[in-house]
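The structure appears below as structure tokens.
The values are calculated or read from the model by the stated rules, or taken from the named source; none is laboratory data. These numbers were taken from a predicted model, which means no experiment stands behind them. Backbone-built Cβ (ideal geometry, glycine too); neighbour counts: all protein chains shown. Protein only, heavy atoms only, side chains kept; ligands, DNA and RNA dropped before computing areas. Shrake-Rupley method; radii C 1.70, N 1.55, O 1.52, S 1.80 Å.
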2 protein chains.
Amino acid sequence: MHQPKHLQDAGLKSTLPRLKVLELLENVEDRHLTAEAIYRKLLEAGEEIGLATVYRALTQFEAAGLVTRHHFEGGQAVFELERGLHHDHIVCVHCGRVEEFYDKVIEKRQQSIAEKLGYTLRDHNMTLYGECHGPDCPGQKKKGPAAG
Amino acid sequence: MHQPKHLQDAGLKSTLPRLKVLELLENVEDRHLTAEAIYRKLLEAGEEIGLATVYRALTQFEAAGLVTRHHFEGGQAVFELERGLHHDHIVCVHCGRVEEFYDKVIEKRQQSIAEKLGYTLRDHNMTLYGECHGPDCPGQKKKGPAAG
DNA sequence: GTGCGAATGATAATCGTTCTCATTTGCAAT
DNA sequence: ATTGCAAATGAGAACGATTATCATTCGCAC
């Protein structure tokens with residue numbers, strides 16, 4: 001099972017702006033982008049597109065299962081191209097870096113917890129927040145710069 | 001360890017609006033309320049309070065550890081009085097009912113996943129979404145009302 | 001190429017939340 | 001109890017993210 005490379009396969013009319021958004025999502029290295037970041041990148045690439053269209057395209061992609069929307073902390077939703085592999089996320093509280101992981105034990109526990117409580121599990125959201133200790137992460141500074 | 005019953009114990013000046021908000025949170029049966037719901041309930045109870053004050057009080061309570069803020073789906077944050085017992089939530093996608101649970105296995109897995117990925121875990125957000133099958137839940141209707 | 005409905009984009013509108021600022025309050029010293 | 005002052009309040013403006021509006025343009029079937 002792989003994603004349809006063509007929008008029509010997802011039931012969407014194949015328009016230029018949609019193709020541009022999809023293409024960007026397929027080729028960009030950071031898989032988790034805000035709508036505005038996508039919009040800016042397209043403008044920088046010389047494309048003519050409106051922010052509203054980016055939002056519309058992403059919402060449709062999400063409905064079609066091409067894209068997943070996440071609400072990490074910080075107000076702005078981020079979108080990622082769906083690859084058919086469920087995973088959860090860990091986000092660095094300092095630099096915003098996002099990594100993905102999958103844990104079968106947790107998934108099973110979630111299912112049995114929902115059952116035990118009388119729910120039919122439909123979805124879940126699990127995001128861990130931590131400090132990533134990466135060399136470029138501002139959280140790694142031994143001492144902050146003098147105030148001011 | 002129990003919560004300070006007095007705002008001063010939490011480092012906050014004891015003002016009438018803050019006391020009203022705290023009192024409401026302590027006495028209301030639904031432990032998960034939006035700021036606006038709290039505001040409305042206080043107005044209905046005859047209190048004079050502004051929505052901005054409710055938000056401010058909640059933000060301060062959160063900073064003081066008296067209250068926890070959750071971002072479930074739906075745009076509006078919900079607040080709950082902190083009882084010192086960490087837990088996660090399961091939310092009914094039909095009626096919005098919220099239940100709490102705690103699973104030691106999941107907590108431990110989260111910790112070890114973060115470590116394995118090189119993160120120091122600071123926080124996490126885990127919310128399950130499901131159908132609650134409660135008798136009053138609209139999701140239980142055998143057939144929806146005729147359209148229109 | 002034509003035509004029509006769907007898609008686009010600029011902008012206004014919306015929603016939840018925070019900020020501004022003039023007024024009021026809590027509290028400590030009197 | 002009164003005073004004084006910083007901190008808190010409340011009404012409404014401002015804000016940021018997202019969605020709706022609506023005239024224009026596009027994609028696609030004929």
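Of the solvent-accessible surface of segment B:85-133, computed with a 1.4 Å probe over protein heavy atoms with every protein chain present, carbon and sulfur atoms account for 49 percent. Taking 0.36 nm per residue of separation and subtracting the current Cα-Cα distance, fully stretching the chain between B:Ala77 and B:Glu23 would add 17.5 nm.
The DSSP beta bridges internal to the protein assembly as shown are antiparallel in roughly 80% of cases. Our helix-only sum for chain B, with -39,500 (n - 2.57) per DSSP H run of n ≥ 4 divided by its residues, gives a mean residue ellipticity at 222 nm of -10000 deg cm²/dmol. Here, segment A:1-139 has an Rg and a Dmax of 17.0, 53 Å when only alpha carbons are counted. Among B:Asp123, B:Asp30, B:Asp103, the largest mean-square fluctuation in a Gaussian network model of chain B, built with springs joining Cα atoms closer than 10 Å, belongs to B:Asp123.
DSSP finds beta bridges in chain B, and of those with both partners inside it, around 70 percent are antiparallel.
How many lysine pairs in chain A, separated by 8 or more positions in sequence or lying on different chains, have Cα atoms less than 24 Å apart? Lysine pairs meeting the criterion: 7. Taking both sides together, the accessible area buried where B meets A is about 2900 Å² for a 1.4 Å probe. Annotation: per residue accessible area for chain A equals 60 Å², rounded to a whole number [probe 1.4 Å, protein chains only]. The C-alpha atoms of segment B:85-133 occupy a region whose extents along the principal axes are 39, 19, 15 Å, arranged from largest to smallest.
Across chain B, the longest run free of exposed loop sites, meaning GluC sites (Glu not before Pro) lying outside DSSP classes H, G, I, E and B with no more than 14 other Cβ atoms within 10 Å, spans B:74-148. Placing unit charges on each Cβ (+1 for Lys and Arg, -1 for Asp and Glu) gives segment B:1-84 a dipole about its Cα centre, and among B:Gly65, B:Val21, B:Leu43 the Cα reaching farthest toward its positive end belongs to B:Gly65. Averaged over the residues of peptide A:90-97, the number of Cβ atoms from other protein chains lying within 10 Å of each residue's Cβ is 3.
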